[in-house]
Amino acid sequence: MQGAGSSAEVALEPHAPFPAVGSYPLRRGNAVRPLVGVTPAFRRIGEAVEAARHSVWVTVAFLAPGFRMPEGRGSVFDLLDRAVARGLDVRVLFWRPDPETSGYGPTFAGTPADREMLRARGSRFRARWDRAQLGYCQHQKSWLVDAGQGSETAFVGGINLTARSDFVPPEGVGHHQFHDVYVEVRGPAASDVHHNFVQRWNEASERSAEDGAWGDGGGEVMDFPARLSAPQGDSLVQIQRTVRAGRYTDGHPSPGGRRCDIAAGERSLLAQYRQAIDAARRSIYIENHALPVPPIAARIEGALRRGVHVVALVPADPGAYVRAARRDPRRNARFRRLEALGRYENFALVGIAGRNAQGGRSNVYVHAKVILIDDAWATIGSCNLHAHSLYGNTEMNASFWDPVAVRALRCELLAGHLGRDTAPLDDRAALRLYRSIACDNLRRREAGDAEWQGLVFSLDPASYAA
């Protein structure tokens, strides 16, 4: 799905403002292409890597030994090793967990076994390991092809390199029972993904440790990008991040941007979520791995009071940590806020469930981090609506204003969830239909009937995760 749109449509000044804080300014002249689903996203990334002429740079959070790229491309190491063999500059930043975060999921942490595997393969790509601040995660998931070249292409999203596309899947849920999203960005905003990689590479926490680098000894300092990629489309795009204070120090500006006090941290994602929700006039569609923290939920309630239609798609089977938080009086403020949202007729909390081999339904695990507002503005990336992503992890999203691309993305997402084409409908009518189908499907599910319309069904905000 190409989302350039016509200049007349995209050039309208956005009523969902972009934040002035952060490392990267709003960039004009981009092409955006949302990639819905694990297989379509990694198929496109694999194609881009195989077509690369100069470089492939990757940031990795979680990686499982059994993960394979689609269409016979093998493991991520197979893909990268082939790129090196073609003479490309291939680099990877891997997250190295601390003891406090080692149980979050499978990682490639640079253990002796990991390094022996690379030796046995003869892998010649360059790698560095990078810790987050204590108790947090280097949660960015990005690919950058041909950095600084005319063919520069960035991929930003939330899909992990794990066999099931997520790091805490419910027991018994298969690879196909996950929902996640990436976005491909070409144009000036891709240069900011380039800047982010250089900033992290140069200050990767383990670069000087004996086991903290692979392929270059950890001593090389990369140059920041000196110029922006040429315009490729009509979308307005801003790359936004969460970076914990004290993690990085070099605030070298991105081309055309201003120097950022990155040592003080960055919360442009939090600022963007607040401003975009506050600006919503008609509709807010959310897909997120987590429930919104109370400050975000309060803004969603403000939108509901203004008559904005809101649908929030979350995992129908929340993780154990979510259930534990619901039982803990010290941590259940988010659930009280959720219950308050559920009192509005123009709000729906929903899950999705696909057909299983037994002819029944199995819940699909929602791992996406997507918000669409007014069929005109969207954000896609790694940032959940929980406190870790908004205040402590290292995260990255691409937020964009493009009524053509955003509307097309809404239609694609809802077609998959509803089994209906919503292209003839505006955004508010589409969300009304979403709520209607979700309620009907819940009644069918409770009656033991698996013959639904689409995948979506209603969840009760008052009892979610109870």
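The values are calculated or read from the model by the stated rules, or taken from the named source; none is laboratory data. This is a predicted model, so every value here is computed, not measured. For neighbour counting, all protein chains shown are included, and Cβ atoms are generated from backbone atoms with ideal geometry for every residue, glycine included.
Here are the numbers for this structure:
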quantity: Given (1) under 27 Å from Pro255 (Cβ atoms); (2) part of a helix (DSSP H, G or I); (3) polar (S, T, N, Q), number of the condition Thr39 does not satisfy; calculated: (1)
quantity: Filter result for Thr422 (of a type in the set (Val, Ile, Thr) and without any contact (Cβ under 8 Å) to a residue 24 or more places away in the chain); calculated: yes
quantity: Subset of the stretch 323-340 that is among the hydrophobic types (A, V, I, L, M, F, W, C) and surrounded by fewer than 21 Cβ atoms within 10 Å (Cβ to Cβ) - its residue that is farthest from Arg361 (Cα to Cα); calculated: Ala333
quantity: Residue match in the stretch 390-399 (condition: more than 28 Å from Ala263 (Cβ to Cβ) and not assigned by TED's automatic domain parsing to the domain that holds Ala189); calculated: no
quantity: Some residue of the stretch 167-182 being at pLDDT 95 or above, polar (S, T, N, Q) and in a loop (DSSP other than H, G, I, E, B); calculated: no
quantity: Options Ser208, Ser229: the member that is hydroxyl-bearing (Ser, Thr, Tyr), in contact (Cβ under 8 Å) with a residue 60 or more places away in the chain and not in a helix (DSSP H, G or I); calculated: Ser229
quantity: Subset tally (residues that are outside any helix (DSSP H, G or I) and not charged (D, E, K, R)) for the stretch 47-89; calculated: 22
quantity: Candidates Asp375, Asp328 - the one that is charged (D, E, K, R), under 24 Å from Glu301 (Cβ atoms), over 24 Å from the mean Cα position of the chain (by Cα) and not assigned by TED's automatic domain parsing to the domain that holds Phe178; calculated: Asp328
quantity: Residue in the stretch 65-75 that is farther than 27 Å from Pro97 by Cα, touching a Gly at 6+ places or on another chain (Cβ under 7 Å) and of a type in the set (Lys, Arg) present; calculated: yes
quantity: Condition check for Ser389: assigned to a strand (DSSP E or B) and buried (at least 22 other Cβ atoms within 10 Å of the Cβ); calculated: no
quantity: Any hit, the stretch 272-281, residues being closer than 28 Å to Glu184 by Cβ, part of a helix (DSSP H, G or I), touching a residue at least 12 places away in the same chain (Cβ under 8 Å) and of a type in the set (Phe, Trp, Tyr); calculated: yes
quantity: Ala127 being crowded, with 20+ Cβ neighbours inside 10 Å and modelled with pLDDT of 95 or more; calculated: yes
quantity: Subset of the stretch 144-166 that is closer than 27 Å to Gly219 by Cα and surrounded by fewer than 24 Cβ atoms within 10 Å (Cβ to Cβ) - its residue that is farthest from the chain's Cα centre (by Cα); calculated: Gln149
quantity: Some residue of the stretch 310-318 being of a type in the set (Asp, Glu) and touching a residue at least 60 places away in the same chain (Cβ under 8 Å); calculated: yes
quantity: Residue match in the stretch 237-260 (condition: over 30 Å from Glu116 (Cβ atoms), aliphatic (A, V, I, L, M) and more than 25 Å from the chain's Cα centre (by Cα)); calculated: no
quantity: Single unsatisfied condition, Arg244 versus (1) over 23 Å from Asp402 (Cβ atoms); (2) out of contact with any helix residue (DSSP H, G or I) (no Cβ under 6 Å at 6 or more places or on another chain); (3) not assigned by TED's automatic domain parsing to the domain that holds Ile159; calculated: (2)
quantity: Members of the stretch 331-367 found to be touching a Lys or Arg at 6+ places or on another chain (Cβ under 6 Å) and more than 19 Å from Ala298 (Cβ to Cβ), listed by number; calculated: Ala353
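Residue by residue, here is whether (1) basic (Lys, Arg); (2) touching a Gly at 6+ places or on another chain (Cβ under 8 Å); (3) surrounded by fewer than 23 Cβ atoms within 10 Å (Cβ to Cβ); (4) in contact (Cβ under 8 Å) with a residue 24 or more places away in the chain holds:
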position	(1), (2), (3), (4)
Ala357	no, no, yes, no
Thr394	no, no, no, yes
Ala398	no, yes, no, yes
Leu431	no, no, no, yes
Tyr434	no, no, no, yes
Asp440	no, no, yes, no
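Per-residue answers, yes or no, for (1) in contact with a Cys (Cβ under 6 Å, 6 or more places away or on another chain); (2) modelled with pLDDT of 90 or more; (3) assigned by TED's automatic domain parsing to the domain that holds Gly37; (4) not in a loop (DSSP other than H, G, I, E, B):
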{"position": "Leu304", "(1), (2), (3), (4)": "no, yes, no, yes"}
{"position": "Arg334", "(1), (2), (3), (4)": "no, no, no, yes"}
{"position": "Ala353", "(1), (2), (3), (4)": "no, yes, no, yes"}
{"position": "Ala357", "(1), (2), (3), (4)": "no, no, no, no"}
{"position": "Leu385", "(1), (2), (3), (4)": "no, yes, no, no"}
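Let's see how each residue does on (1) assigned to a strand (DSSP E or B); (2) of a type in the set (Gly, Ala, Ser):
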position: Arg91; (1), (2): yes, no
position: Phe94; (1), (2): yes, no
position: Gly105; (1), (2): no, yes
position: Trp129; (1), (2): yes, no
position: Leu134; (1), (2): no, no
position: Ala147; (1), (2): no, yes
